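The values are calculated or read from the model by the stated rules, or taken from the named source; none is laboratory data. Note that the structure is predicted; figures quoted are calculated from it, not measured. Cβ placement follows ideal geometry from the backbone for every residue including glycine, while neighbour counts extend to all protein chains displayed. Only protein heavy atoms, including side chains, enter the accessible area calculation; ligands, DNA and RNA are left aside. Shrake-Rupley method; radii C 1.70, N 1.55, O 1.52, S 1.80 Å.
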Amino acid sequence: MVRRFPTVASESAKAILGETLKFPSGKIAQNRFLKAALTEMLSVFEPTNPKVNGVPTQEIINVYDKWGNGQFGVILTGNVQVSPVHLEAPGNAMIFKEGETPARREAYKQWAKVIKQDGALAVVQLSHGGRQTPITVNSSPFSASDVQLDKEVRFVGFGKPIPLTVEQITTEVIDRFVYAAKYAYETGFDGVQLHGAHGYLLAQFTSPTTNKRTDQYGGSVANRQRIVLEIYEAIRKEIPASTGFLIGLKTNSVEFQSEGTTVEDAVEMCKAYEKIGFDFVELSGGTYEQLAFQHIRDSTRQREAFFLEFAEKIRPVFKNTVVYLTGGFRTVNAMVDAVKSGATQGIGLGRPITAEPDLPKKDPPRSCRLSCS
Ligand SMILES: Cc1cc2nc3c(=O)[nH]c(=O)nc-3n(C[C@H](O)[C@H](O)[C@H](O)COP(=O)(O)O)c2cc1C
């Protein structure tokens, strides 16, 4: 049940949120709004038939026709999987070489086209489920180490993961991300975002709770984030920045776990993301073990954004890379305050824009408060 609390936004608020954002590789977002990734689970799920498995359906096109008509600066897809046996959930869209068909290409071209109809930049979120792949999909998923997720999500548990060898990190992870990024480029998307947050495979590498490796991919912050930087470089070898193709990252600002990624770790990692040239970094937080998509403290409720205090610490690191903050925003005034305070440049919205898919287009922009927050 959605409860609406319309807020009055001034003309100056409208002007601030309507400002353009320029990315290091040249593309420009028409305003500060980002439609955050929201898993759709609306693609074909036929594990025994790679030719159709993970092909986006007409339902996805219909949903994005709404958002595409909403004048967002950037529209992210939900998590699109780069490995057909490592999903976030059955029904995820997928891009993988064993599944190459003209029909899949056509579906992705259609998807990009509806997203871009009103000027938004279309960005595919690329992900690998790693140990967070449901056991019903894969009982022995790959991960950084063999740390099993001891929890049920949507009534389903998770298998004991197999640590990737160094060779498999290239063949099963980096190569697959590169293939999917090229595919996104060729089918008309403006960029990709690597999903490095919420406990999926890349976060399994960056987090000390799930990365117990003693080789060059484990231990120090630099080693734990190596895989993310290697994926960035491998994509850029195929699609240089001069093409304008965006490479972004969703990353955790904090994990709220005793041995998890701290904000100090996040600051260190973000320095390297800025240096290597990521176009944008979207700050989020939490994992399956410690979900963080709700207002818990009163101070957070006041300022709305769940990760604002962490974004404030991380933001000074970025000079060229554009920063988005996602999670908890419900009113225009809180969005404007977050931008004005310098904590973020862009505003990511998830649940609110399922109720108002054309929110950025509204004149003046308004927002709602959801009872679920
Ligand atoms: C139903 C649902 C699906 C989501 N799917 C994804 C996803 O595919 N990828 C991702 O990075 N985050 C995903 N998220 C997290 C959102 O992108 C966002 O970070 C979170 O909802 C907080 O923002 P909000 O308070 O504006 O909703 C999902 C969240 C929800 C509620």
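With the largest listed first and rounded to whole Å, the semi-axes of the equivalent ellipsoid of the range 97-210 from the Cα gyration tensor are 29, 15, 14. Working note: Karplus 6.51/-1.76/1.60 with θ = phi - 60° gives the range 16-21 the couplings 5, 6, x, 5, 7, 10 Hz, where Gly and Pro are set to x.
Simple spin-label estimate for residue 106 and residue 362 gives 3.8 nm between the two label positions (7 Å along the Cα-to-Cβ direction from each Cα).
Look at the alpha carbon pairs under 8 Å that are at least 6 residues apart: their mean separation over the length of the chain gives a relative contact order of 20 percent.
Shown here for the range 1-79: GluC sites (Glu not before Pro) in loop regions (DSSP other than H, G, I, E, B) with at most 15 other Cβ atoms within 10 Å, namely 19. Show which aspartates and glutamates lie in cross-link reach of residue 250 when reach means a straight Cα distance below 12 angstrom and same-chain residues fewer than eight apart are skipped. In chain and number order, the partners are 279, 282. Summarising the amide proton neighbourhood of residue 213: residues at separation of 5 or more, or on other chains, whose placed amide H is nearer than 5 Å comprise 219. When the surface is traced with a 1.4 Å probe over the full set of protein chains, residue 137 keeps roughly 40 Å² accessible. The distance linking the range 310-332 with the range 199-232 is 23 Å (Cα centroid to Cα centroid, whole angstrom). I'd like the FRET efficiency for residue 156 and residue 355, computed as 1/(1 + (r/R0)^6) with the beta carbon distance as r and R0 of 30 Å, rounded to 0.05. Between residue 156 and residue 355 the formula returns 0.60. Applied to the range 318-331, the Karplus parametrisation 6.51 cos²θ - 1.76 cosθ + 1.60 on θ = phi - 60° returns per-residue 3J(HN,Hα) values of 8, 10, 10, 4, 7, 9, 10, 10, 10, x, x, 5, 10, 10 Hz, with x for Gly and Pro. Relative to the Cα centre, the charge distribution of the chain, modelled as +1 at Lys and Arg Cβ and -1 at Asp and Glu Cβ, gives a dipole magnitude of about 780 debye. From the square roots a ≥ b ≥ c of the eigenvalues of the alpha-carbon gyration tensor of the chain, which class results: rounded (a/c under 1.5), prolate (a/b over b/c), or oblate? Taking the square roots of the gyration eigenvalues as a ≥ b ≥ c, the chain is rounded. The stretch between residue 139 and residue 186 holds 13.6 nm of extra length on full extension. This uses 0.36 nm per residue minus the Cα-Cα distance. Rolling a 1.4 Å probe across the protein heavy atoms gives the range 42-175 an accessible surface of 39 Å² per residue. Per atom type, the chain shows carbon and sulfur on 53% of its accessible surface, probed at 1.4 Å. Solvent exposure of residue 146, expressed as accessible area, is near 80 Å², computed with a probe of 1.4 Å over the protein chains only.
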